[in-house]
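Have a look at the structure below, then the notes.
Bear in mind these aren't lab numbers, they're just calculated from the coordinates by the rules spelled out. Only a predicted model underlies this, so the values are computations on that prediction, with no experimental measurement involved. No Cβ is skipped: glycine too gets one built from the backbone with ideal geometry, and neighbour counts run over all protein chains shown.
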Amino acid sequence: MATQDTSNKPIFYALGANGGIAAAKFAAALYTGSGAMLAEAIHSLADCTNQLFLLRGLKEAKKPPDESHPMGYGRVVYFWAMMVALLLFFLGGAFSVMQGIEHLRDPEPLSNVHVALGVLGVSVALESFSLYGAMKEIRKTSGDKPFFRWFRETRQSELLVVAGEDIAALCGLSLAFIAVLLTVVTGNPIWDACGTIAVGVLLMVVAIFITHEVKGMITGESAAPEVHAAIKAHILARPEVDHVIHLITVQWGSQLMVAVQARMHAQPSDHALVEAINTVEETIQQRWPTVKWCFFEPDFEPGAD
């Protein structure tokens, strides 16, 4: 059974990889004068900041409930994930596009291109390592679900952001490599400027996709479809329950809130009815440990005898 709990390892993998990559890219950008390389360096720096944001969000999410937040701080991770998406869009994407437009207006020849190509190659290897760590965690919870379906249905904002960043980074590195290579082959620095713009547009598109998914989490999404369906099937299979009238599941960070309205089988007393409800709630929380809150309302359907 999959849960929403995830390891911080993918974030640390990404932070370590992007820190080294950013330093190498900035040095190569200054050494070669490549706008595409500078765009990639800014992207890696933004990614480092993003991982720090995610780690802060996960730390804040562990704060215990209090009077002002009786259900805890689990959903604060969605706020920090949204901050990451905005940073990726403006600092990574928009800056790169502006940098590319400036180089189009005033193109400059590249120098020591072999350095830029070498750094890009090493960066691909490090980003691949980071993406491997993220995909390893994804496979623990996604089962046989295709990646894009997982991306649309997952409630793990931090893992979604890391995977999205890594994919954008690998695609961006490929674009930058092609741009620098075309500049060398043709001798025309316009290709480098076009590569810078392409990297920026790519980052902005990825940021928009991440923002759209995180927006759903912030506004209050249910549990993943297969989890919601499994909980409903479990309740229906209980001998104490006659029919599920309504079921609400709400993802609360790494935890779940479940609210059930159901018609119960007749019980000999009020005390027996309460015990039956408690039994159903206990079985739900035993099977899904991430269900932190379970609210159960026995009721009759409108028009029922």
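If I fit a long axis through the Cα atoms of helix 95-105 and take the longest principal axis of the Cα atoms of the chain, what angle between them do I get, 0 to 90°, rounded to 10? Roughly 30 degrees between the two axes. With both partners inside the chain, how many of the DSSP beta bridges are antiparallel, as a percent to the nearest 5? The antiparallel proportion sits near 60 percent.
3J(HN,Hα) couplings calculated from phi for the stretch 254-259 with the Karplus curve 6.51 cos²θ - 1.76 cosθ + 1.60 (θ = phi - 60°) are, in sequence order, 8, 10, 10, 10, 10, 10 Hz; Gly and Pro show x. Under 16 Å of direct C-alpha separation, and excluding same-chain neighbours fewer than eight residues apart, K145 reaches these lysines: K136.
Only lysines eight or more places from K62 in sequence, or on another chain, were considered; those with a Cα closer than 16 Å are K292.
Remark: the stretch 48-104 projects, on average over all directions, an area of 4.2 nm² (convex hull of Cα atoms).
Could you tell me what percent of the DSSP beta bridges with both partners in the stretch 178-305 are antiparallel, to the nearest 5? Walk me through the numbers on the way to the answer.
Working: 10 of 17 bridges.
Counting only bridges with both partners in the stretch 178-305, antiparallel ones make up about 60 percent.
For D242, the residues whose amide H sits under 5 Å from its own are R263, M264, H265, ignoring neighbours fewer than 5 places away on the same chain, with H placed 1.01 Å from N.
Counting Cα-Cα pairs of the stretch 225-298 in 5 Å increments starting at 0 gives whole-percent bin shares of 3, 16, 31, 26, 14, 7, 2, 1.
With θ taken as phi - 60° and the Karplus curve 6.51 cos²θ - 1.76 cosθ + 1.60 applied, the whole-hertz 3J(HN,Hα) list for the stretch 148-155 is 5, 5, 4, 4, 6, 9, 5, 10 Hz, x standing for glycine and proline.
Pick from Q251, Q286, Q51: which residue has the top mean-square fluctuation in a GNM of the chain where Cα pairs under 10 Å get a spring? Fluctuation is largest for Q286. Cα centroid separation, the stretch 258-286 to the stretch 135-199: 48 Å.
Proximity of backbone amide H atoms, modeled 1.01 Å from N, is registered between Q255 and no other residue at under 5 Å, excluding neighbours fewer than 5 places apart on the same chain.
Over 21 Å between Cα atoms, which of K9/K140; K140/K215; K63/K140 qualify? With Cα atoms farther than 21 Å apart: K140/K215; K63/K140.
Could you tally the net charge around A259, taking each other residue with its Cβ under 13 Å from the Cβ of A259, Lys/Arg +1 and Asp/Glu -1? Let's see the in-between values first.
Values: positive: K232, K292; negative: E281, E297, D299.
It works out to a net charge of -1.
Shown here is the pair-distance distribution of the stretch 9-218: with all Cα-Cα distances grouped in 10 Å bins from zero up to the longest one, the shares run 9, 34, 31, 17, 6, 2, 0 percent.
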